[in-house]
1. Search the stretch 196-207 for residues being of a type outside the set (Ser, Thr, Tyr) and in contact with a Ser or Thr (Cβ under 8 Å, 6 or more places away or on another chain), and hand back the single one that is nearest to the ligand (Cβ to nearest atom).
2. Kindly provide the set of residues from the stretch 79-117 that are in contact with a Gly (Cβ under 6 Å, 6 or more places away or on another chain) and outside any helix (DSSP H, G or I), ordered by number.
3. Are any of the residues in the stretch 154-163 more than 11 Å from the ligand (Cβ to nearest atom) and open to solvent by 10 Å² or more (accessible area, probe 1.4 Å)?
4. Scanning for something touching a strand residue (DSSP E or B) at 6+ places or on another chain (Cβ under 8 Å), on the phi < 0 side of the Ramachandran plot and open to solvent by less than 40 Å² (accessible area, probe 1.4 Å), does the stretch 247-265 turn up at least one residue?
5. If I go through the stretch 272-290 residue by residue, how many of them are under 17 Å from Ala331 (Cβ atoms) and open to solvent by 70 Å² or more (accessible area, probe 1.4 Å)?
6. Name every residue in the stretch 54-98 that is under 24 Å from Thr224 (Cα atoms) and free of Cβ contacts under 8 Å to residues at least 24 places away in the same chain, in order of residue number.
7. Identify the single condition in (1) open to solvent by 10 Å² or more (accessible area, probe 1.4 Å); (2) within 16 Å of the ligand (Cβ to nearest atom); (3) closer than 19 Å to Val89 by Cβ that Ile185 does not satisfy, given that it satisfies every other one.
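The values are calculated or read from the model by the stated rules, or taken from the named source; none is laboratory data. On a predicted model such as this, the values are computed, not experimentally measured, just so you know. Here the Cβ is made from the backbone with ideal geometry for all residues, glycine too, and neighbour counts use every protein chain on show. All accessible areas refer to the heavy atoms of the entire protein, side chains included, with ligands and DNA or RNA removed. Shrake-Rupley method; radii C 1.70, N 1.55, O 1.52, S 1.80 Å.
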Amino acid sequence: MQFTEDHEMFRKTVRDVVEREINPYVDEWEEAGMFPAHELFPKLGALGLLGLEYAEADGGQGADHSYTVVFGEELGRAHCGGVPMAIAVQTDMATPSLANFGTEDLKRRYLAPALTGEAVAAIAVTEPDAGSDVAGLRTRAVRDGDEWVINGTKLYITNGVQADWLCVLARTSDEGGYRGMSQIIVPTDTPGFSVAKRLKKLGNWSSDTAEMSFVDVRVPVTNTIGEVGRGFQQQMAQFQNERMIANYLAVGANEVAIERTLAYLRERVVFDKPLIENQHIQFELAGLVAEIDMLRHYNYACASAYLRGEDTTRFATIAKLMAPRLSRKVADTCLQFHGGIGYMAETWTSRYFRDSRLWSIGGGADEVMLRTIARLDGIGS
Ligand SMILES: Cc1cc2nc3c(=O)[nH]c(=O)nc-3n(C[C@H](O)[C@H](O)[C@H](O)COP(=O)(O)OP(=O)(O)OC[C@H]3O[C@@H](n4cnc5c(N)ncnc54)[C@H](O)[C@@H]3O)c2cc1C
């Protein structure tokens with residue numbers, strides 16, 4: 001990766017906006033169990049941060065992927081996991097398929113307002129009986145003239161309570177398995193759609209998570225993204241963007257966790273000396289710094305391959321396996337070295353401990369990553 005002066009200026013812009021528009025409000029939003037997406041997103045949109053890689057004609061910045069790397073690393077430095085995750089859903093999880101395969105009309109009506117921040121987007125794939133195995137999907141869209149009639153349930157949907165539109169993966173034929181699925185845009189003000197439940201979680205409290213119900217929800221067939229029946233393949237491609245941004249966020253989040261822990265350990269005196277003067281602690285932190293550095297540069301290799309137009313499945317999958325495992329280790333170690341105060345709800349370490357636990361499950365569990373790596377590398381049958 002070649003970062004230029006322009007990248008460094010961009011890094012500063014993102015860092016400033018995180019420090020100005022997110023960090024001062026994190027405690028309040030975590031307590032409320034939701035951040036105000038319709039207030040924050042337009043501020044990010046005005047700075048061009050919601051559509052970095054999307055075409056200028058669609059309202060994006062036309063930048064290359066190296067800027068997404070910087071964006072993810074800096075966003076990850078926010079003092080909670082929930083808000084960066086919600087922003088990443090908007091920029092890299094719910095919109096890539098629309099940008100890549102959507103018609104001009106769909107992009108004008110749904111992508112453009114998502115890029116200004118006027119509209120909040122969500123990606124609705126998971127269901128009660130289909131998480132790791134997307135083939136278990138039961139939400140069905142049946143064609144009636146020029147409309148899809150959608151029935152089903154979606155679960156654990158980030159931004160789901162506040163979303164204006166959803167990128168829904170639904171069955172559009174009886175073929176079963178991975179065949180016969182389509183991606184369909186569903187505006188949340190469509191009759192028959194409702195948020196069945198706002199879900200309470202272990203962590204990432206500032207991010208709203210919904211269970212959704214679809215009862216005879218009618219949308220035009222022209223709301224289909226790309227080809228009817230190609231939804232699964234398009235979603236698999238969209239998952240690559242999801243995994244890459246999650247891996248970039250992890251670098252920033254772990255980096256700031258080490259910085260904050262070091263600051264504490266330099267001040268905290270135990271057995272007549274600052275804790276950081278214990279070689280054991282220095283070595284534990286040095287080991288984590290080394291692993292974060294490995295992740296950062298592995299991400300850069302992934303991003304470089306993406307920039308060259310290569311398939312990044314293996315890179316993104318390996319990083320998506322290792323990044324959450326590292327985050328869990330960093331969170332646990334930082335909490336440990338804070339002692340009792342680290343366990344207190346008021347201290348950032350307890351929030352990081354809860355928030356970082358998500359990524360070994362969300363966006364594809366560790367075991368799903370292992371399954372993919374085993375398949376790609378011909379391990380096992
Ligand atoms: C906070 C949060 C936000 C989310 N946001 C979204 C969202 O915005 N949109 C969306 O569509 N989904 C979202 N999800 C859903 C998430 O992607 C799924 O929870 C995840 O893919 C796992 O699916 P599952 O929960 O059904 O677990 P299951 O598929 O039931 O799996 C349970 C566990 O079994 C293990 N496992 C699975 N497969 C294998 C295997 N082959 N071999 C061995 N072990 C295995 C794993 O440890 C896994 O965690 C979110 C989830 C959470 C918790």
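1. So the first thing to find is which residues in the stretch 196-207 are of a type outside the set (Ser, Thr, Tyr), and the list is 196-205.
Next cut, in contact with a Ser or Thr (Cβ under 8 Å, 6 or more places away or on another chain) only: 196, 198-199, 201, 203.
Numbers: Ala196: 15, Arg198: 12, Leu199: 8, Lys201: 5, Gly203: 8 Å.
The residue in question is Lys201.
2. Gly117
3. Residues of the stretch 154-163 more than 11 Å from the ligand (Cβ to nearest atom): 161-162.
Filter once more, so that each one left must be open to solvent by 10 Å² or more (accessible area, probe 1.4 Å): 161-162.
There is at least one residue in the stretch 154-163 that is more than 11 Å from the ligand (Cβ to nearest atom) and open to solvent by 10 Å² or more (accessible area, probe 1.4 Å).
4. At the first step, the residues of the stretch 247-265 found to be touching a strand residue (DSSP E or B) at 6+ places or on another chain (Cβ under 8 Å) are 265.
In the following step, the residues that additionally are on the phi < 0 side of the Ramachandran plot were identified as 265.
Narrowing further to those that are open to solvent by less than 40 Å² (accessible area, probe 1.4 Å): 265.
Yes.
5. Residues that pass the stated criteria total 2.
6. Filtering the stretch 54-98 for residues under 24 Å from Thr224 (Cα atoms) gives 54-60, 86-98.
Glu56, Ala57 - these are the residues of the stretch 54-98 that are under 24 Å from Thr224 (Cα atoms) and free of Cβ contacts under 8 Å to residues at least 24 places away in the same chain.
7. (1)
So that you can scan it fast, the table gives a plain yes or no per residue for (1) farther than 26 Å from Ile258 by Cα; (2) among the small types (Gly, Ala, Ser); (3) open to solvent by less than 10 Å² (accessible area, probe 1.4 Å):
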| residue | (1), (2), (3) |
| --- | --- |
| Met9 | no, no, no |
| Asp16 | no, no, no |
| Pro36 | yes, no, no |
| Leu50 | yes, no, yes |
